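Undergrad: My questions will all concern the structure given below.
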Amino acid sequence: MKFISKVLFAALLPLLAACSVTQEVKDDVSFEGLTRIYVEDISNVTQLSSYYMNGEEINAFVKADIVSFLKERGYEPVADKASAQIIFVPIWNFSMKNPLTDNPFYGGDINSTASYGDYYLLNPQYYATLEVQAYLPGREDWVWRGFSPLNMDRQNATTNMIGEQVRWCLQYFPPEKYPSRLQIYKAERAKRLKEEENPFSHIKPEGEAAERANAASGGGASAASPKADKPKK
């Protein structure tokens, strides 16, 4: 039973790692030595305003919190986007809660849903989660992005919630200094696969086997060449 439990846990490790992902980074990207940053305004402010009324104010807090967080990590915000080494783009992602379970007028049948159909128009149960993407000059697509798992609705859309959203998004930036659990898992998996290519790599040859291995690698005389005679005493 213990063996089965260990096998199941090992099989679930990739899934557990993926479930906790709040960061994605392209494999060929490095932010080493880059310090100048620029934060763009959120593009989907119109959609946010239709749900929260004060979308402009919310987005102003988001931008200010992103700048403040990155400054604490040693980055320098610049006013000119062209001079920035990293460009951050915040985005709101919108979803809708289950309309039946969240409707206080729902009585368990279709008639109650139809009777209070206007509820969905007057109080749509939308929530938003924040995503922050990072771009490098000369590259059209994002090279890094962080996510927040927090759901912000009309009832909890506070400055504290906005700050928490930003911290969730940027907690693993830069990825070189703050690797996520997924990064660690991928690095360990790559190392394990490389070791499995030659399971006997830790065994070092000795004696004549070592001489032949050295010769085959070009580190000594050819294995086919005769040995030099030892000088006679």
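Undergrad: Checking the structure you have, find out if any residue of the range 148-166 is surrounded by 17 or more Cβ atoms within 10 Å (Cβ to Cβ), β-branched (V, I, T) and modelled with pLDDT of 80 or more.
TA: Yes, the range 148-166 contains at least one residue that is surrounded by 17 or more Cβ atoms within 10 Å (Cβ to Cβ), β-branched (V, I, T) and modelled with pLDDT of 80 or more.
Every residue, every condition in (1) at positive phi; (2) touching a residue at least 12 places away in the same chain (Cβ under 8 Å); (3) in contact with a Lys or Arg (Cβ under 7 Å, 6 or more places away or on another chain); (4) hydroxyl-bearing (S, T, Y), yes or no:
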residue	(1), (2), (3), (4)
I58	no, yes, no, no
A64	no, no, no, no
V67	no, yes, no, no
P77	no, yes, yes, no
Q85	no, yes, yes, no
F88	no, yes, no, no
N93	no, yes, no, no
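Undergrad: Now for a separate question. Of the numbered conditions (1) at pLDDT 85 or above; (2) under 13 Å from the mean Cα position of the chain (by Cα); (3) assigned to a helix (DSSP H, G or I); (4) surrounded by fewer than 18 Cβ atoms within 10 Å (Cβ to Cβ), K186 fails exactly one; give the number of that condition.
TA: Of everything listed in (1) at pLDDT 85 or above; (2) under 13 Å from the mean Cα position of the chain (by Cα); (3) assigned to a helix (DSSP H, G or I); (4) surrounded by fewer than 18 Cβ atoms within 10 Å (Cβ to Cβ), K186 misses just condition (1).
Undergrad: Which fully enclosed strands (runs of 3 or more DSSP E) of the range 76-147 have 1 or more residues being at pLDDT 55 or above, in contact with a Pro (Cβ under 9 Å, 6 or more places away or on another chain) and not hydrophobic (A, V, I, L, M, F, W, C)? Steps first, answer last, please.
TA: Working: elements: 86-96, 126-135, 144-147.
Strands (runs of 3 or more DSSP E) meeting the threshold: 126-135.
Undergrad: Give me the pairs: first residue in the range 137-159 and over 18 Å from V39 (Cβ atoms), second residue in a loop (DSSP other than H, G, I, E, B) and of a type outside the set (S, T, N, Q), beta-carbon distance under 8 Å, and six or more apart or on different chains, which are they?
TA: Filtered contacts from the range 137-159: D153/K97.
Undergrad: Are any residues in the range 148-161 in a loop (DSSP other than H, G, I, E, B) and β-branched (V, I, T), and if so, which ones? Outline the logic, then answer.
TA: If we filter the range 148-161 for residues that are in a loop (DSSP other than H, G, I, E, B), which is where we start, we get 148-151, 153-158.
Matches in the range 148-161: T158 only.
Undergrad: Looking at (1) modelled with pLDDT of 70 or more; (2) surrounded by fewer than 17 Cβ atoms within 10 Å (Cβ to Cβ); (3) among the hydrophobic types (A, V, I, L, M, F, W, C), find the lone condition where I42 falls short.
TA: (2) is the only condition that I42 fails.
Undergrad: Got at least one residue in the range 11-21 being among the hydroxyl-bearing types (S, T, Y), exposed (fewer than 15 other Cβ atoms within 10 Å of the Cβ) and modelled with pLDDT of 80 or more? Let's see the steps before the verdict.
TA: Here is the first cut: in the range 11-21, the residues among the hydroxyl-bearing types (S, T, Y) are 20.
Right, trim to exposed (fewer than 15 other Cβ atoms within 10 Å of the Cβ) and you get 20.
Retained after the next criterion (residues that are modelled with pLDDT of 80 or more): none.
For the range 11-21, residues among the hydroxyl-bearing types (S, T, Y), exposed (fewer than 15 other Cβ atoms within 10 Å of the Cβ) and modelled with pLDDT of 80 or more: absent.
Undergrad: For the range 52-72, how many residues are touching a helix residue (DSSP H, G or I) at 6+ places or on another chain (Cβ under 8 Å), modelled with pLDDT of 95 or more and of a type outside the set (A, V, I, L, M)?
TA: 2
The values are calculated or read from the model by the stated rules, or taken from the named source; none is laboratory data. Just so you know, these numbers come straight off a predicted model, no measurement behind them. Glycine gets a Cβ as well: all are built from the backbone with ideal geometry, and neighbour counts include every protein chain shown.
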